[in-house]
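Worksheet: one structure, shown below.
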Amino acid sequence: MRFSNMARTNLNDLAAFVMVANERSFTRAAAKLGISPSALSHCMRTLEERLGVRLLTRTTRSVTPTEAGERLLRTLAPRFEEIDYELAALSDLREKPAGNIRITTDEYAANTVLWPVLRKLLPDYPDIHVEIVIDYGLTDIVAEHYDAGVRLGGMVAKDMIAMPIGPDMRMATVAAPSYFAHCKKPRTPQDLTSHRCINLRLPTHGGLYAWEFEKNGKELRVRVDGQLTFNSGSSMLQASLDGFGITYLPEGHVQPYLASGQLVQVLSDWTPPYSGYHLYYPSRRQPTSAFSIIMGALRYRGY
């Protein structure tokens, strides 16, 4: 009888339900499934009629699981994840490694750590497909179905396996010479509150990033103000080069402009090195051969 009930309930419908329940939106879920929102809504109503229970509460603005829907989601979501993983793992039996690898990272790591390695590696593995999503937020890689994420070492959750993929880093507080032509350079982090600074908005909480400093064991977090706020390091850099204020970026990002004199660094004695970028992934997941190849190429070996 159980098998008969399962046969009448198409697995595609159950997978569609998981997508809708996770996305909380017919529009977003339909886009990911490659069907129309109206077709997806009809599919969910048919599923509810077959099961004899309401799974979703629909309003003009949102879709949320009912109590029964939440119970079904808790049961189905991890199992569909296991199925997806096992299907991906079948590529290990192929002569050539294959698979889709999704990685979330920030823009600077993507450009300076990931891409220099991938551009050399991927031509040898044409059946490995990599998707890199730029995100400055603290993304839940399990909930968002990423294979891995890239964060600074101190920001990786304890329940993840983390591997260094780059050296220790330093931040740099910089501005164009034209900016300092009209004001005194800051001598302490507190002096930044009287300067025009270029801010970074973090998407996770929508707040502005507080600049972090340390000297002689004393740590400071300074909230700065200015005319401009961006959610991209490249945009912050360009605004600083154009003389719009002081910005705070990884030293490697601004080093060429410091060498050329286009930027001037201040407060360098307040920015000690910190743990660099790490690749991280769930501890309960056994890497596929495609993912192992990516990890092996990215691993930082200290030279």
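The values are calculated or read from the model by the stated rules, or taken from the named source; none is laboratory data. These numbers come from a predicted model, not from an experiment. Cβ placement follows ideal geometry from the backbone for every residue including glycine, while neighbour counts extend to all protein chains displayed. Side chains included, ligands, DNA and RNA excluded: accessible areas come from the protein's heavy atoms. Shrake-Rupley method; radii C 1.70, N 1.55, O 1.52, S 1.80 Å.
Per residue, how much accessible area does region 13-140 have with a 1.4 Å probe, in Å²? Before the final figure, lay out each step's value.
On the way: 7640 Å² over 128 residues.
Averaged over the residues of region 13-140, the accessible area is 60 Å².
Test of the criteria: in region 112-163, which trypsin sites (Lys or Arg not before Pro) are in a DSSP loop and have at most 13 other Cβ atoms within 10 angstrom of their Cβ?
Numbers: sites: Arg119, Lys120, Arg151, Lys158; in loops: Lys158.
Filter output for region 112-163: Lys158.
Using alpha carbons only, how many degrees (0 to 90, rounded to 10) separate the axis of helix 67-89 from the longest principal axis of the chain?
80
How far apart, in nm, are two points set 7 Å out from the Cα along the Cα-to-Cβ line at Glu219 and at Asp124?
The modelled label-to-label distance comes out at 4.0 nm.
Consider the candidate values (1) 5, 21, 25, 21, 16, 8, 3, 0, 0; (2) 7, 29, 35, 23, 6, 0; (3) 5, 20, 20, 16, 17, 15, 6, 1; state which one is P(r) over Cα pairs in 10 Å bins from 0, in percent computed from the structure displayed.
Given (1) 5, 21, 25, 21, 16, 8, 3, 0, 0; (2) 7, 29, 35, 23, 6, 0; (3) 5, 20, 20, 16, 17, 15, 6, 1, the calculated one carries the label (1).
Rounded to the nearest percent, how much of the accessible area of region 88-233 (1.4 Å probe, protein heavy atoms only) is carbon and sulfur?
Accessible surface attributable to carbon and sulfur in region 88-233 totals 51 percent.
State to the nearest 20 debye the size of the charge dipole of region 136-228 about its Cα centre, where the only charges are +1 on K and R beta carbons and -1 on D and E beta carbons.
Approximately 620 debye in magnitude.
Would you mind checking Lys32/Lys158; Lys96/Lys120; Lys120/Lys158; Lys184/Lys218 for any pair whose Cα atoms are more than 27 angstrom apart?
Beyond 27 Å: Lys32/Lys158; Lys120/Lys158.
Roughly how many Å is it from the Cα centre of region 170-247 to that of region 262-303, as a whole number?
Comparing the Cα centres of region 170-247 and region 262-303, I get a distance of 24 Å.
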